[in-house]
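Heads up, the thing below is written out as structure tokens.
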Amino acid sequence: MKSIFLLTLLLFSAAASAEEVKIKWKGDYPHNSSKTWTKDNPYDSGFSKNFKNGTPEEFGEVQKDGELKAFIYSPQAAKGPVPFVILLHGCDGLGTLSKEWAAHVADVLNPQGTGVLVLDSFTTRYVDRSCGPADLHWGRRRADDAYSALDYLLEKKLAKADEVYLMGYSNGGTTTLVSMTTQEADHQHHFAGAFAVAPGCSPSLQHSALYTGAIIIFMGDQDDANNPKWCEELAKKKRSVPVQMVEYRGANHGFPVNAPAHEFMGWHLSYNPTAEKDMMETINAALKMKTFGEGVELR
């Protein structure tokens, strides 16, 4: 009972240490368009100069400018800029489970001197979820969210300019891959590397993509929400920067999130503590050594 109390206290303390901030959204880049969403243009409209772009998830609303909510977990006794990871939620938004997972990620990274910014893409857009076919659109839309957060960290002098990394789960993982493509290279600042957790590696979007930095993909071989084979093919292609896939035996789409086993939209989700621990250790090692592997590794 005492150990449970202490664990609860530690989790609460981590959550309580987060500072809520507002981030100005920026989307006026050459790779984006002013075209709004239509049924005939469901995906390319993700490259948008509008904060709200008229999708069904936004109830058809179009809005040029906006801001995003975010939560910052800074390492204790941090003095001056530190390495940072920007963390992106999945298709169902920054709900209770996502917040708990984010606090856990911060618990692991903060003691190593790495800050964590948890970015909320949906609340200020009044979006509930983007699961299903809308995922590709939102993977593209949210890339500018990630870069807006990157600019914020550098403008506030919270992060080291060459040590900001991007990490996302599920649709956040898809967003991570989109954000690292050369199509997004017209941003002023760039990520040092990225960690995509259980992303969608659709052939139409990813297989021919060129990337601006190193990437590690983490995925379970039993993922029935996003196809692991597509991510394997992505990682096996020769590129100018290292792209690695770490694939966990017996793990499914829910492997990093500590929650009871359940189904969501027909997908099987269950926590795999061994895979999750290995993932975080691998991320910490990459951040410390600044080295990334290549190819597909089954663990």
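Having 2 or more residues that are modelled with pLDDT of 95 or more, farther than 26 Å from L269 by Cα and touching a Gly at 6+ places or on another chain (Cβ under 9 Å) is the bar; report the strands (runs of 3 or more DSSP E) wholly within the range 1-112 that clear it.
The strands (runs of 3 or more DSSP E) meeting that bar are 67-73, 82-88.
Which ones in the range 126-180 are in contact with a Gly (Cβ under 7 Å, 6 or more places away or on another chain), in contact (Cβ under 8 Å) with a residue 60 or more places away in the chain, among the hydroxyl-bearing types (S, T, Y) and farther than 21 Å from D28 by Cβ?
Y165, Y169, S170, T176
Looking only at the range 280-290, decide whether some residue is assigned to a loop (DSSP other than H, G, I, E, B) and under 26 Å from Y152 (Cα atoms).
Yes: one or more hits.
Are there any pairs, at least 6 apart or on different chains, whose C-beta atoms fall under 7 Å, with the first in the range 276-299 and under 12 Å from F218 (Cα atoms) and in contact (Cβ under 8 Å) with a residue 12 or more places away in the chain and the second part of a helix (DSSP H, G or I) and among the hydroxyl-bearing types (S, T, Y), and if so, which?
Within 7 Å, no pair qualifies.
When the range 32-58 is examined, which residues are found to be surrounded by fewer than 15 Cβ atoms within 10 Å (Cβ to Cβ), out of contact with any Lys or Arg (no Cβ under 9 Å at 6 or more places or on another chain) and not β-branched (V, I, T)?
Across the range 32-58, the qualifying residues are K39, D40, P56.
Answer with yes or no whether R141 is of a type outside the set (A, V, I, L, M), over 12 Å from the mean Cα position of the chain (by Cα), over 23 Å from D278 (Cβ atoms) and in a helix (DSSP H, G or I).
Against the criterion (of a type outside the set (A, V, I, L, M), over 12 Å from the mean Cα position of the chain (by Cα), over 23 Å from D278 (Cβ atoms) and in a helix (DSSP H, G or I)), R141 qualifies.
Under 9 Å between Cβ atoms, which residue pairs at least 6 apart in sequence (or on different chains) link something in the range 31-46 that is within 16 Å of Q183 (Cβ to Cβ) and among the acidic types (D, E) with a partner that is part of a loop (DSSP other than H, G, I, E, B) and modelled with pLDDT of 90 or more?
D44/K35
Can you pull out the residues in the range 113-138 that are among the charged types (D, E, K, R), in a helix (DSSP H, G or I) and modelled with pLDDT of 95 or more?
R125
Being without any contact (Cβ under 8 Å) to a residue 12 or more places away in the chain, more than 30 Å from P83 (Cα to Cα) and among the small types (G, A, S): is that true of A261 here?
yes
Taking the residues in the range 252-274 that are of a type in the set (G, A, S) and closer than 20 Å to L88 by Cβ as candidates, determine which candidate is surrounded by the fewest Cβ atoms within 10 Å (Cβ to Cβ). Step through it out loud before you land on a result.
So in the range 252-274, the residues of a type in the set (G, A, S) come out as 254, 259, 261, 266, 270.
After this cut, where a residue has to be closer than 20 Å to L88 by Cβ as well, the list is 254, 259.
On the way: G254: 27, A259: 13.
Of everything passing the filter in the range 252-274, A259 is surrounded by the fewest Cβ atoms within 10 Å (Cβ to Cβ).
Surrounded by fewer than 18 Cβ atoms within 10 Å (Cβ to Cβ), touching a His at 6+ places or on another chain (Cβ under 7 Å) and not β-branched (V, I, T) - does that describe any residue in the range 193-210?
No, every residue in the range 193-210 fails to be surrounded by fewer than 18 Cβ atoms within 10 Å (Cβ to Cβ), touching a His at 6+ places or on another chain (Cβ under 7 Å) and not β-branched (V, I, T).
The values are calculated or read from the model by the stated rules, or taken from the named source; none is laboratory data. Quantities reported herein were computed from a predicted structural model and do not represent experimental measurements. We place every Cβ from the backbone using ideal geometry, glycine too, and count neighbours over all the protein chains shown.
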